[in-house]
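Heads up: the structure comes next, in structure tokens.
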Amino acid sequence: MTTAPVELVHVRRSGLHEGTHYGSVVITAADGSVEFARGDVTTPMFPRSSNKPFQAVAMLAGGADLHDADLALAAASHSGEPMHVDRVFAMLERAGLTEDDLGCPPALPLNDTAREAALLAGDRARRVFMNCSGKHAGMLTACVRSGWSTADYLDPDHPLQRLVVQTVARLCREEPAAVGIDGCGAPLFAVSLTALARGFGAAAAAAADTPERRVTDAMRAYPQMVGGTGRDDTRLMTAVPGLLAKGGAEGVHCAALPDGRCVAIKITDGGDRARMPVLVAALRTMGVTPATPQAAAQLDEFAVGQVMGGGEPVGTISVPTGLF
């Protein structure tokens with residue numbers, strides 16, 4: 001096993017090798033043991049939004065009465081489409097709260113159509129549009145149900161955040177090595193790539209009626225809540241029913257099968273375009289075979305990205321031969 005990032009993706013333009021994305025990838029078995037690893041899979045790193053399923057598990061442990069699509073949205077990086085925003089407002093209203101109680105920063109919707117509609121309607125950046133607003137609404141719901149203060153729910157010493165770190169440690173079987181602040185303002189706990197995969201797999205294959213299984217079942221049942229129209233996680237989980245997938249910033253991505261096997265990747269330079277070719281190549285190594293031609297075509301599209309020139313494809317973004 002190497003301990004430094006390795007070449008994961010080659011970028012070719014007009015037949016010339018133009019660039020390389022380095023990173024690390026690990027595949028864990030159902031029992032959490034390492035089946036395959038390339039690069040540094042033992043040094044602590046921040047999972048970013050791949051941490052959200054664990055945070056949602058902690059919300060349930062904290063008493064949040066979240067179910068189905070609401071629970072999926074609490075673990076989401078949503079696109080700010082009306083189906084997401086309306087549901088966040090409903091979650092807040094049921095908890096007796098308003099948009100002003102959200103601790104995430106204002107933003108415009110990630111979805112192009114939703115962003116244009118918001119601007120045409122005279123809206124500006126709002127907290128409810130931010131891709132993490134579902135998570136924040138879920139956290140606030142847990143606080144209200146447990147009688148905890150909502151003003152400081154993002155403090156790492158808040159009871160909810162202590163539940164999050166306990167959940168991460170339990171599922172990942174590794175004590176977090178550092179505490180950071182995510183882009184949305186929530187505390188973030190560093191674990192190794194191997195531990196992240198182990199925790200993701202454990203959540204995906206957990207026993208029925210456990211908090212972790214409730215979260216992962218909701219995400220798999222409502223993939224449109226986890227991302228949105230055209231988003232990678234939504235398209236991937238739609239193409240491969242039963243798959244649990246959640247990406248994060250800075251090139252982090254996880255995907256777990258129902259039996260608990262999982263792949264986790266980290267692209268060193270944070271390049272989004274490098275993630276899906278590696279993830280799909282790993283899933284194919286793990287035996288994932290789409291059931292329909294449409295699903296197979298979707299995986300093929302993810303497996304080899306396009307390099308554009310003059311508005312037309314002129315090259316590829318793909319894993320090098322022999323990586324897996």
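The label-point distance for Q306 and D68, in a model that sets each label 7 Å from Cα toward Cβ, rounds to 3.7 nm. Counting only protein heavy atoms and a 1.4 Å probe, the range 196-324 has 38 square angstrom of accessible area per residue.
Report in % the part of the accessible area of the range 225-273 that belongs to carbon and sulfur, leaving out ligands and nucleic acids; probe 1.4 Å. Present the calculation step by step, with values, prior to reporting the outcome.
Numbers: 780 of 1490 Å².
Roughly 53 percent of what the probe reaches on the range 225-273 is carbon or sulfur.
Once the chain from I181 to A117 is taken as fully extended at 0.36 nm per residue, the excess over their C-alpha distance is 20.0 nm.
The range 21-73 and the range 154-204 have Cα centres lying 9 Å from one another.
The overall shape of the range 3-130 is oblate: from the C-alpha gyration tensor, with semi-axes ordered a ≥ b ≥ c, the ratio a/c is 1.5 or greater and a/b is no larger than b/c.
The stretch between T289 and E18, if pulled fully straight at 0.36 nm per residue, gains 94.5 nm over its current Cα-Cα span. Please report, as a whole percent, how much of the solvent-accessible surface of the range 1-121 comes from carbon and sulfur atoms (probe radius 1.4 Å). For the range 1-121, the apolar C and S fraction of the accessible surface comes to 53 percent.
The ellipsoid equivalent to the alpha-carbon distribution of the range 245-324 has semi-axes of 22, 17, 11 angstrom, derived from the gyration tensor eigenvalues as √(5λ) and listed largest first. Taking amide hydrogens as placed 1.01 Å from N in the peptide plane, the amide H of G228 sits under 5 Å from those of T234, each at least 5 positions away in sequence or on another chain. Karplus-derived 3J(HN,Hα) values for the range 126-136, using 6.51 cos²θ - 1.76 cosθ + 1.60 with θ = phi - 60°, are 9, 4, 5, 6, 4, 4, 9, 5, x, 4, 5 Hz; glycine and proline are entered as x.
In what sequence, highest mean first, do 291-303, 80-92, 265-277 appear when ranked by Cβ atoms within 10 angstrom?
Packing proxy ranking, top to bottom: 265-277, 80-92, 291-303.
Sorting the segments 45-55, 212-222, 107-117 by their mean number of nearby beta carbons within 10 angstrom, highest to lowest, gives 45-55, 212-222, 107-117.
Fraction of C-alpha pairs exceeding 23 angstrom in the range 139-241: 39 percent, rounded to a whole number. Could you tell me the calculated FRET efficiency between V34 and R145, based on Cβ-Cβ distance and R0 = 41 angstrom, to the nearest 0.05? FRET efficiency, V34 to R145: 0.60. Around the amide H of F46, modelled in the peptide plane, lies no amide H under 5 Å away from a residue 5 or more places distant or on another chain. The Rg/Rh ratio of the range 197-275, with both radii computed over alpha carbons and Rh defined as the Kirkwood radius, is 0.97. Taking only alpha carbon atoms, the range 100-173 gives an Rg to Rh ratio of 1.11, where Rh is the Kirkwood radius.
Near D182, the amide H atoms lying under 5 Å from its own belong to L188; only residues 5 or more places off or on other chains count, and H is placed 1.01 Å from N. 3J(HN,Hα) along the range 273-281: 5, 8, 6, 5, x, 5, 4, 5, 4 Hz, from the Karplus curve 6.51 cos²θ - 1.76 cosθ + 1.60 with θ = phi - 60°, whole Hz, x for Gly and Pro. Taking the square roots of five times each eigenvalue of the Cα gyration tensor of the chain, the equivalent ellipsoid has semi-axes of 31, 24, 18 Å, listed largest first.
For the range 187-198, the Karplus equation 6.51 cos²θ - 1.76 cosθ + 1.60, evaluated at θ = phi - 60°, returns couplings of x, 9, 10, 7, 9, 6, 4, 4, 5, 4, 4, 4 Hz by residue, with Gly and Pro reported as x.
The values are calculated or read from the model by the stated rules, or taken from the named source; none is laboratory data. As the structure is a computational prediction, the values presented were derived from the model and not from experiment. Note that we place each Cβ from the backbone using ideal geometry, even for glycine, and neighbour counts take in every protein chain shown. SASA here: full protein model, heavy atoms, side chains in, ligands and nucleic acids out. Shrake-Rupley method; radii C 1.70, N 1.55, O 1.52, S 1.80 Å.
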